[in-house]
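The values are calculated or read from the model by the stated rules, or taken from the named source; none is laboratory data. Since the structure is predicted, the reported quantities are computational estimates derived from the model, not experimental observations. So basically every Cβ, Gly included, is an ideal-geometry build from the backbone, and we count neighbours across all protein chains shown. Side chains included, ligands, DNA and RNA excluded: accessible areas come from the protein's heavy atoms. Shrake-Rupley method; radii C 1.70, N 1.55, O 1.52, S 1.80 Å.
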Amino acid sequence: MAMNLRLPSEVATALQAEAERTGQSQQQIVRDALGRRLHLIDHEDPAGERERARAAQAVQPARVPYRKVRPRLRLPKGTTSLDLLGRDDRF
């Protein structure tokens, strides 16, 4: 569907700057924003945004490979981390 969209000048300027910064078209930025607003795209970091960030070198790979972490503390059976907090600290 084609449509005309009138934007305030500050929004149009910000959209143009974002398009230049990311290398995406203004249409793609608007489509992505509408998709997130209408819950058609996950609000979290969708794979497409991650790939664009990698391509723009905004995200660098880890210098040290990830390693499996072993728990250092084991709580007694039947105890939760919430039990360790004082009553005033509970939410």
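For D45, the test of being modelled with pLDDT under 85, surrounded by fewer than 11 Cβ atoms within 10 Å (Cβ to Cβ), within 30 Å of N4 (Cα to Cα) and not hydrophobic (A, V, I, L, M, F, W, C) is passed.
Looking at the structure I just gave you, is D89 open to solvent by 60 Å² or more (accessible area, probe 1.4 Å), more than 30 Å from L5 (Cβ to Cβ) and modelled with pLDDT under 80? So D89 passes the test.
State all residues of segment 1-39 that are closer than 27 Å to Q57 by Cβ, in a loop (DSSP other than H, G, I, E, B) and without any contact (Cβ under 8 Å) to a residue 12 or more places away in the chain; if no residue qualifies, say none. Within segment 1-39, just S25 meets the criteria. Looking at segment 61-72, is at least one residue surrounded by 10 or more Cβ atoms within 10 Å (Cβ to Cβ), out of contact with any strand residue (DSSP E or B) (no Cβ under 8 Å at 6 or more places or on another chain) and modelled with pLDDT of 75 or more? Within segment 61-72 (the criterion being surrounded by 10 or more Cβ atoms within 10 Å (Cβ to Cβ), out of contact with any strand residue (DSSP E or B) (no Cβ under 8 Å at 6 or more places or on another chain) and modelled with pLDDT of 75 or more), the answer is no, since none of the residues qualifies.
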